[in-house]
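The values are calculated or read from the model by the stated rules, or taken from the named source; none is laboratory data. Note that the structure is a prediction, hence the values are computed from the model and not measured. Positions of Cβ are generated from backbone atoms using ideal geometry, with glycine treated the same way; all protein chains shown enter the neighbour counts. Heavy atoms of the whole protein, side chains included, go into the accessibility calculation; ligands, DNA and RNA do not. Shrake-Rupley method; radii C 1.70, N 1.55, O 1.52, S 1.80 Å.
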Amino acid sequence: EMNTQPAMRADPGGNPMKRLVLLSAVGPQVRTLGGGEYFARELLDGLHRRGWDLKLVAAGSSALFQETVRQPGIATIPIDLSVRMRTPLLFVGQALKLAVFSRANRDCVFYANGFQAMKWLAVAKVASGAQTVCHLHESVYEDYHNRRSRLVLRFVDRFLAISDTVRGEFVEGTGVEPGKVVRVYNGIEVQNRGPKLREETEALRQRFGIP
């Protein structure tokens, strides 16, 4: 069984440095939380409860940024990572901001969700040498075929796939070393829910006729 934990640097005492920067490529025009944003919120909340030092980099007016900026204990950095390479001036401007930020936070793990945010992991890696992790939620490996995309893949230290299917198709479609891609199923927070969780489960079984 492969280790499902991304390799992390340790402090002088030998303890893992639990510091993570979450990069979100959702644009400022997205004013409501979608599936990816809910996942990011759950990840930030879960790691915050476990004592991690967390930072979110996202467009300042995006829903994810606005939801997170109100939460104590999680730093928010307004950099618009929704800009594309086809707008080179805008892209270079945001890339420079991220590069400066990355160099000041090189002891963090830089994490992104999906293909659109992956190029920003490459910027962080080149600028600072920080460790980078990309979460794969769907099989879109056809997007990785061009030379630029394959170059970006080289700067991601670890990929987390939500299923064996996603992992297998990604490895086959990209040629990424299989050892860099780890399957980690999406989790459901059940701690401290007790009877409420059982009631919700039973209600769902009755609604959909599940034995």
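Per-residue surface analysis assigns Leu153 an accessible area of about 10 Å², computed on protein heavy atoms at 1.4 Å probe radius.
Measuring between their Cα centroids, the stretch 104-130 and the stretch 165-187 lie 19 Å from each other. Residues in the stretch 144-153 carry Karplus couplings, in order, of 9, 6, 6, 4, 5, 5, 5, 5, 4, 4 Hz; the curve used is 6.51 cos²θ - 1.76 cosθ + 1.60 with θ = phi - 60°, and Gly or Pro positions show x.
Considering Cα pairs under 8 angstrom that are at least six residues apart, work out the relative contact order of the chain and quote it in whole percent.
Working: 336 pairs, mean separation 33.9, N = 211.
Once normalised by length, the contact order is 16 percent.
Its alpha carbons considered, the stretch 84-124 gives a radius of gyration followed by a Dmax of 10.6, 31 Å.
Per atom type, the chain shows carbon and sulfur on 54% of its accessible surface, probed at 1.4 Å.
Largest to smallest in accessible area, the residues Val176, Val100, Val184 fall in the order Val100, Val184, Val176 (1.4 Å probe, all protein chains included). Evaluated over the chain, the count of Lys pairs having alpha-carbon atoms less than 20 Å apart is 9 (only pairs 8 or more residues apart or interchain). Net charge dipole, the chain: roughly 580 debye, given to the nearest 20, about the Cα centre with Cβ charges of +1 for Lys and Arg and -1 for Asp and Glu. Over the residues of the chain, the helix contribution to mean residue ellipticity at 222 nm works out to -12000 deg cm²/dmol, using -39500 (n - 2.57) for each DSSP H run of at least 4.
Solvent-accessible surface of the stretch 82-185, taken per residue with a 1.4 Å probe and all protein chains present: 50 Å².
For the chain, just say rounded, prolate or oblate: build the C-alpha gyration tensor, square-root its eigenvalues into a ≥ b ≥ c, call rounded for a/c under 1.5, and beyond that prolate if a/b exceeds b/c, oblate if not. Display every interim value, and only then the final one.
Values: a/c = 1.45, a/b = 1.31, b/c = 1.10.
Verdict is rounded for the chain.
Please say if the stretch 25-134 is rounded, prolate or oblate, where rounded means a/c under 1.5 for a ≥ b ≥ c the square roots of the C-alpha gyration tensor eigenvalues, and otherwise the choice is prolate for a/b larger than b/c and oblate otherwise? Oblate, because a/c is 1.5 or more while a/b does not exceed b/c.
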